[in-house]
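The values are calculated or read from the model by the stated rules, or taken from the named source; none is laboratory data. This is a predicted model, so every value here is computed, not measured. Here the Cβ positions follow ideal geometry from the backbone for every residue, glycine too, while neighbour counts run over all protein chains shown. What goes into the accessible areas is simple: the full protein's heavy atoms, side chains included, and nothing from ligands, DNA or RNA. Shrake-Rupley method; radii C 1.70, N 1.55, O 1.52, S 1.80 Å.
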Amino acid sequence: MTSSEPNYLPKAHLQMASHALVALSFSGAIGLTFLMLGCALEDYGVYWPLFVLIFHAISPIPHFIAKRVTYDSDATSSACRELAYFFTTGIVVSAFGFPVILARVAVIKWGACGLVLAGNAVIFLTIQGFFLIFGRGDDFSWEQW
């Protein structure tokens with residue numbers, strides 16, 4: 001180890017973190033590809049399903065707030081954390097319901113709805129994977145990036 005390298009993480013942890021980050025970025029790109037295919041294919045051509053990106057962006061916010069508020073708490077569960085889970089569940093269910101409603105009222109076609117739902121599943125699994133891998137709070141966390 002040279003003097004310019006940080007010595008707080010072993011090299012194996014850095015390699016594992018970089019592999020996990022690359023895998024998560026690829027899965028996020030696949031999810032966004034499904035979402036864009038549901039909008040941009042010639043048969044569909046309607047960009048209303050892109051509004052689910054708002055749900056993707058706000059879904060981790062309740063977790064961040066609850067983690068910040070209950071950071072010093074030793075309890076396995078708290079009312080704030082449970083409320084954050086409730087809000088996150090509502091956001092995720094809304095992201096899956098929005099394209100179904102658009103397809104039901106014939107704003108988008110059902111094929112586009114299927115592609116958007118597949119993209120939602122992949123993107124939300126990617127977000128969950130990020131928190132499972134980097135959100136543990138040990139020496140292998142996302143806060144070091």
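Can you put Cys39, Cys80 in order of accessible area, largest first, using a 1.4 Å probe?
The ordering from most to least exposed comes out as Cys80, Cys39.
How are the alpha carbon pair distances in the stretch 13-52 distributed across 5 Å bins from zero to the largest one, expressed in percent?
5, 23, 19, 15, 11, 10, 8, 6, 3, 0
Sorted by average packing, counted as other Cβ atoms within 10 angstrom per residue and highest first, what order do 86-96, 40-50 take?
In descending order of packing, they fall as 86-96, 40-50.
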